[in-house]
Amino acid sequence: MSLGAPADIEERGSLIRGIPLRSITSRWTLFRGSEGSDETYALSKPVEELDMFLSHSWSGSPLWKHLTLISILYVKTGYIAMLATVIPLSVGIYFLPAHQRIASLVVQILGAIAFVLGICFGHLVPSRSNKRMVFLDKCCIPQNDSAARRQGIYNMDTFLRRSKQLLILWTPDYFSRLWGAL
């Protein structure tokens, strides 16, 4: 199937595809390898505009990319979880004057654990940000159809123009790659 000249993508709304943010943050394996499939493409759906264009280098560590992404997106959830844990426990310390030293250490440890859990599981908390539509190349450009794939690459500027935000997961080799240089 020929998709026509690069400019034709503007007229073909179905070519602009996005994947819900929650689908990316709940599947860290999406960053493992650049090879897409029908399954990864099925995670995306046609959209008029994208909330975020996610740019990264496939040669970077999938684990670090995922940890960076969830840290950026769910730090607020982590702080809320930490405060929801620390404040009641701190009030409780007031009533245990004999054990304040041990109790304050426990509060600090539990607060740190709550913070990390809030970041790691922030995608499970219902929110508008989890519904944001994101461009991730292996999910939004068909990988099994060489003509459609070429068309998607030719029209990378359209995906960027239709995105409200650009998030770069930078690695040392980012600008040596084609995607990073665009």
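None of the figures in this text is laboratory data; all of them are computed from the coordinates on show. Predicted model, so just to flag it, every value in this text is computed and none were measured. Reconstructed Cβ throughout: ideal geometry from the backbone, glycine too, with neighbour counts over all protein chains shown.
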| remark: Contact order relative to length for the chain, counting C-alpha pairs under 8 Å separated by 6 or more residues, stands in percent at 42
| message | Could you work out [θ]222 nm for the chain from helices alone, using -39500 (n - 2.57) per DSSP H run of at least four and dividing by all its residues? Round to the nearest 500 deg cm²/dmol. | response | -14500 deg cm²/dmol
| In degrees, nearest ten, helix 100-120 long axis to first principal axis of the chain (Cα) | 10
| task | With no solvent and one equal point scatterer per Cα, compute the Debye intensity ratio I(q)/I(0) for the chain at 0.19 Å⁻¹ and report its log10, rounded to two decimals. | result | -1.24
| request: Quote to one decimal, in nm, the extra length available between L166 and I93 on full extension: 0.36 nm per residue of separation minus the C-alpha distance between them. | output: 21.8 nm
| query | Near V125, within a Cβ-to-Cβ distance under 13 Å, what is the net charge of the other residues, with Lys and Arg +1 and Asp and Glu -1? | reply | +4
| task | Enumerate the lysines that K65 could reach by cross-link, defined here as Cα to Cα under 22 Å, with residues fewer than 8 away along the same chain left out. | result | K76, K131, K138, K164
| query | Relative to the longest principal axis of the chain, what angle (0 to 90°, nearest 10) does the C-alpha long axis of helix 62-94 take? | reply | 20
| field | Fraction of beta bridges assigned by DSSP in the chain that are antiparallel (%, nearest 5) | value | 35
